[in-house]
Structure formats: structure tokens, C-alpha cells
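Report on the following structure.
What follows draws every value from the coordinates through simple rules; no lab data is involved. The structure displayed is predicted, hence computed values, not measured ones. Glycine gets a Cβ as well: all are built from the backbone with ideal geometry, and neighbour counts include every protein chain shown.
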Amino acid sequence: MNGYHLEAVCGCVLGGAGPAGMGLLFNALKSGALPELTRDGLIIVDASSLPGTGRLAEYQITANSVGDVFLDCLRDPALREVFEPLEHSAAYWRIRDQAFVAPPLAEVGALLAEASKLVLDFIVQRYDVQVWSRTMITEVISDNDEFQVWVEHEGRLQVILCRTLVLNLGGHQDPQHLRNGLADQGLSLSPSTSIQSADTLLRMSADELRNHFGPTLVEGGRFTVVGGSHSAFSMLENLANALQSVGLEELTLVHRSQIRLFYESAEQALANGYVFDHVKDVCPVSGRVNRSGGLRYRAFDVGRDILEHGRIGPDGVRVHLLQTENGPAQQYERARQALAESSVVVQCTGYQPRLPQLSYANGTSITLREVKGGLDSDPSGCPVDMAGQRLQGLHLFGLGSGLGIDPRLGSEPSFDGRIYGVWQFHHDASSAVIEAVSARLSVPVIGRATASSLAERAENGLPFYWPGLAPIES
């Protein structure tokens, strides 16, 4: 890293242009909020060379929504001009042809990547938004009413001063988080157990999975998946389909709570013989059963087959379902033994947010408080630190962060996790963030520690260098 620093000033920094970040931009554009968000400058910072693409297109699983749900993210009169080129897009028509079935997530990713490029090109031209690609956010300093966002681009360190920061840099799966979660239940893994991230494995083809796990199968190693969500059942299916031909005979799924299935209505659930709690498992707004926590579409089919028959795949790989809380006592003991004996444990217990170094201006490090499924934040994704202090102006709602249940929008009372997903990013979740960011930017700040406008900084003899201008030596 060289010793040259550049400085930029803006009202808002959008850190991360993946599904969550782009969902906010789509929503701001169609709701008419973009002029407010960009009035004092909007800088989009993304680590990739192609901001807006995210990683959806890499996954080898089906989505947990039908194609029309993703088309709904593009379906607005305010976006018609922007998305007109999609009429000639093969990716768009592939999703149109799967409007009422769950499409492969890779095809959803391809469509959203094309749509995102159109949106970015449009807002750069129309609203003078800046997009900094191949740029890593390395540190964020909370300084009174302002944030110092330190970034690295091609070995050069720069700082952006902003009043609001929307930070969605993706999620990751920390093996220690899995160990801690199991320890809370009195469970543990052998030191020799290989913990594998489902996020990585779900992006592998069948051939890649066979090559990756071939030696383990030859040695007769045991495979256990931990979790009970869409990704856990997608993982079971991918492993069974890829590895049965090379010797896989059984899989174990260790899950904390009851496996839940999604139904559009209580009547549909009853007609299918599904047993549920008519109060705790039914969303009071939509009437849907297990609206937030239930398996849908392909994961629903896989889950139901396993629940009814205990097998998966064309030739029936055996699957042992072992519930560790509020289930039969013998299942807990079997889960303890399975975890202790497993050569491979696949982590499907959610994500932790990918964060830069966070600190206050006095040098005190910031750790954001977590709850089940994500960060402990208010309805706009504004988090608190471990002391309960809220970081006003900072908002996170993407993978690994999520938002809590909003009673106005509905969910089943039994669900206690966090909400995230592509449709949510483009609608309810980002709407709350847009409202909070716009409100903060609309209020003048008196007596701030660092002047935010170029004119103010010039009057005070402070530098105000922007990308492309000659650097000043620090």
C-alpha cells in the first residue's frame, strides 16, 4: 500500500452492489426516491469488476420462489424505459417461460445481472451516481454524525466521508459459529471433522462434488448436514445425486427444531394431511402456513419425500432426520453420536455478515450484536453494538444481516429468525432503508465534526480530492 490518500465526500455510500444493494437501487428508482438519495452524492462501492452481478448465477440449485416473483422485481411503469432492452434478452424469456415454477437460481442470477447493468448505466447517466468497481471497503469509522469509509483500489487507499452508509457485502459461514451453536445444545464435533460450507458446495457441479468428496467415500466416511432450511435440503439432494453412483448410501440431517413445510393456506395444508399449529404456524396477514420458515417448491418436494419415506434421490439414499430440541430423546443421542463420528459436516445454519473493520473515532472497536439469523437491528436495518448503542446512519439488510419480522407485513408467530431474499430486497426490506436514509439526509446537521460539502471544506482549508485527481501525500 502506498502513502497516497484520496478523499471524496457524499451523502450516501452504498457498499456492495449484489442482490441486496441492487434491490435498494431498483426500489429507489421505481418509487421516485433516487433524487433524494443522490442529492448530496451517491457512491456505489463494489469489490467485483462487474458491479450488480452478485453470485446468484453460481448456485447449482433451484430458487425458493417461482419465476414471476423475480419478474415482479422488474415490473413497474417507472422501470419500463430502463428495462426495454430485456425484451430481446434470452435470460428474460427463460424466466418468463418459468413464471409459475421455481427456476434454477443460476438463471435468476443471469437475468438480474442484465437488469442491474441497465439500472447502473441509467442512474450513472441520469443522476450522476459514481460506481467504484474493484474496490474493497477495508474500514468504517463512525465519527459523530459522519462515517469515514476507507477503501482500497488497486493498491491505493482512499476515504469517503458520508452521512449514511448502506452496507451489504454478502454473507459467509464461519465454522466457529457452527461449533458454538452446537455447543449451546451440548453437542460437539471431533477435532478431525472437516466442516464444509454449504455456500461453497452449492456452487459445485456434480462432477466437482464427486472429485471433492471421492477420497472420503473411499474411506467410508460419514456425511452429516446441519440445518433445516431450504439450503439444507438442497444440499442433501445435491450430495445424493452426485455421490450415490460412487458409493454414498446414507446421509444424516441434524436439525434443531421441527422441519416445516410451506402451504398457501391452512385448507391446502389440511388437504395434504399436514399437521400444524393453527395459531403459531399461520401468518395472520396472508393466511399462509409457515410463510417465513417453511420449505418451498423443490426443497418442499425433497423435504416431504424424506419426511414420508426417509430417502432421497433416484435410487433412494437413506436420510436420517435427527431433531435436537423438543424432539424424541433418542434422536438427540443419535445426533450426538452422528456428529462425533462424521468425517464431513456441512454447515447449513445460515450466514454471518461479511463486514469490514468497524470502529469509533476514538479508536474503540465496534462489534455488532447478533441475534438468531442475523444482526440485531431496527426495522430499517440500523444495528446496535454490544453495548446497545445504535449506529445511526448505518443500515444492513442483506445476506447475513436480515431484518426482523414486521407485524404489519406478516409472518407466522413461530418464526424467530431474520428475513431476507431477492423479493424482500427489492420491496419491503429496502423500502424501510430508503425511508430512513432519505429522512437522515433531509435534516441539516449543525456543528458536525467534519464539514461535508466541498464548499465548506474549502473554506476550512481541508482537502476535497475526488477519484481521478492528483493525490496528496500523507
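Calculated from the alpha-carbon coordinates, region 182-259 shows an Rg and a Dmax of 12.8, 37 Å respectively. Relative contact order of the chain: what whole-number percent is it, with Cα pairs under 8 angstrom and at least 6 residues apart? Normalised by residue count, the contact order of the chain is 22 percent. The C-alpha atoms of the chain define a longest principal axis, and helix 19-31 lies at about 60 degrees to it. Counting neighbouring Cβ atoms within 10 Å and putting the fewest first, the residues 213, 233 line up as 213, 233. Computed from the alpha carbon atoms alone, the convex hull of the chain holds 168 Å³ per residue.
Note on 386, 204: ascending count of other Cβ atoms within 10 Å places them as 386, 204, the fewest first. Once Rh for region 232-312 is found with the Kirkwood sum over Cα pairs, what is the Stokes-Einstein diffusion coefficient at 20 °C and 1.002 mPa s, in µm²/s? The estimated diffusion coefficient comes to 155 µm²/s.
Can you give the percent of C-alpha pairs in region 111-224 whose distance is more than 23 Å? Distances greater than 23 Å cover 61 percent of the Cα pairs. With the convex hull drawn over the C-alpha atoms of region 292-445, the volume per residue is 185 Å³. Measuring spread by the Cα atoms of region 348-439 yields a radius of gyration and Dmax of 13.4, 43 Å.
Normalised by the number of residues in region 324-427, what is the relative contact order in percent for Cα pairs under 8 Å and 6+ residues apart? After rounding, I find 19 percent.
Using only the Cα atoms of region 7-74, build the gyration tensor, take square roots of its eigenvalues as a ≥ b ≥ c, and label the shape rounded, prolate or oblate: rounded if a/c is under 1.5, else prolate if a/b is larger than b/c, else oblate. Oblate, since a/c reaches 1.5 and b/c is not below a/b. Inverting the pair-averaged 1/r between distinct Cα atoms of region 286-366 gives 16.8 Å as its Kirkwood hydrodynamic radius. With contacts taken as Cα pairs under 8 Å and at least 6 residues apart, region 27-109 reaches a relative contact order of 45 percent.
Here region 88-127 and region 378-394 have alpha carbon centers that stand 33 Å from each other. Cα centroids of region 413-432 and region 213-284: 23 Å apart. Using the beta-carbon distance between residue 264 and residue 309 and R0 = 25 Å, what value does 1/(1 + (r/R0)^6) give for FRET efficiency, to the nearest 0.05? The formula returns an efficiency of 0.55 here. Axis of helix 230-243 versus longest Cα principal axis of the chain: the two differ by about 60°, to the nearest ten degrees. Each Lys or Arg adds one and each Asp or Glu takes one away; over the other residues whose Cβ falls under 11 Å from the Cβ of residue 399, this sums to +2.
Using alpha carbons only, how many degrees (0 to 90, rounded to 10) separate the axis of helix 428-442 from the longest principal axis of the chain? Tilt relative to the chain: about 20 degrees.
Mind checking which aspartates and glutamates have their C-alpha under 15 Å from residue 372, skipping anything on the same chain fewer than 8 residues away? Within the straight-line cut-off, residue 372 pairs with 174, 184, 416.
Which net charge results when you count Lys and Arg as +1 and Asp and Glu as -1 among the other residues whose beta-carbon is under 15 Å from that of residue 171? Net charge in that neighbourhood comes out at +1. Entry for region 321-382 at q = 0.16, 0.24, 0.25 Å⁻¹: log10 I(q)/I(0) = -0.77, -1.05, -1.10, Debye formula applied to identical alpha-carbon scatterers, no solvent contribution. So, counting K/R as plus one and D/E as minus one, what does the shell of residues with Cβ under 9 Å around residue 410 add up to? Within the 9 Å Cβ shell, the charges total +1.
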